Each structure stands twice: as C-alpha cells, then as structure tokens.
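*Asks:* Here you go, one structure.
All of the numbers you see were taken from the coordinates with simple rules; none came from a lab. Since the model is a prediction, treat every value here as computed from it, not as a measurement. Every residue, glycine as well, gets a Cβ built from its backbone with ideal geometry; the counts of neighbours run over all protein chains shown.
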Amino acid sequence: MAERRLVLDASSLERYGNTVLEIEVIPRIIVDLRRPGRIGVVTPFGVITAWNPRGTDLTEPENRERDGDLAAVLANAGWLHVRCAGSSPDRKHSEQGFAVWAPRDTLLGLAAEFQQDAIFWYDGADFSLCPLEGECLRLPLDRNT
C-alpha cells in the first residue's frame, strides 16, 4: 500500500472547502460544500478521484486513464459506486471521480494509492474533508481558523 501522508495547507483547504459535488444518481444530487445540507441519503459513503495526483495538473487523456484504473479497482472490489464530479463553484475546474459505499479507512488507503491528498466523507448526516493524515474536518470549514 502507498504511504499515507499529508497535512493540507491553507490553500488546499480553501479549494476543497469550496467544492461543489454532483453525484450521478436519479435525481442528480448537487451539494455545495460551502453550505451543505441534508441530501436524502442515510448510508455513509466517500468521494474519491484519481485525477491530478498531489495537485499536479495532468492532461485529459492521462486523467481519464487514471480514472479508468480507479473504476476498475472499485468494480473488482465489488463496492457500490456512482459517478461524482467535484467542481469549483464557477465550474471552471472539475475533476471526475466516484461516490463509493466502502469503509472510510479503505477509501483513504485507496486515495493514497492514487496519490490523492484527501477524500470527502458523508457519515449519513454531514460531509467532512478527510486528509490522509489527521482528523476529518466537518464541512463547511470554519473560515475563522
């Protein structure tokens, strides 16, 4: 398993905290993590991507290849998963990923394997940002810390 490390810096926290998630279910669920609310789902799940490892911008073909690799891992593991895009509020930046119904620690390990900094976690009531190391941070982030 890949090394789990990372303390998110202030810039990373700001980007993550401003994410808008679009979960591809019917009807589509859109969650603005600056002001998340109840989404009508009661089972915990995580959101993970393989795009842009460690914040390094890759080409579209490179990101799609990594996305396919992640999709294969999820399918082979037998975890329920659906498409989920994470975007900036203005939609100028977007990364494809998945909402996955698997244990949080398992998804954090998978995030490390795909060189990601964190996952989003929904505990059945609230969203959190979970970095590879340290405590999960409840969303929305407290802008005064």
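*Asks:* If a residue has to be assigned to a loop (DSSP other than H, G, I, E, B), free of Cβ contacts under 8 Å to residues at least 40 places away in the same chain and exposed (fewer than 14 other Cβ atoms within 10 Å of the Cβ) to count, how many in segment 94-142 make the cut?
*Replies:* 3
*Asks:* Give ASP67, ASP57, ASP32 a once-over and let me know the one that is under 17 Å from PHE120 (Cβ atoms) and surrounded by fewer than 16 Cβ atoms within 10 Å (Cβ to Cβ).
*Replies:* Going through ASP67, ASP57, ASP32 in turn, the sole match is ASP32.
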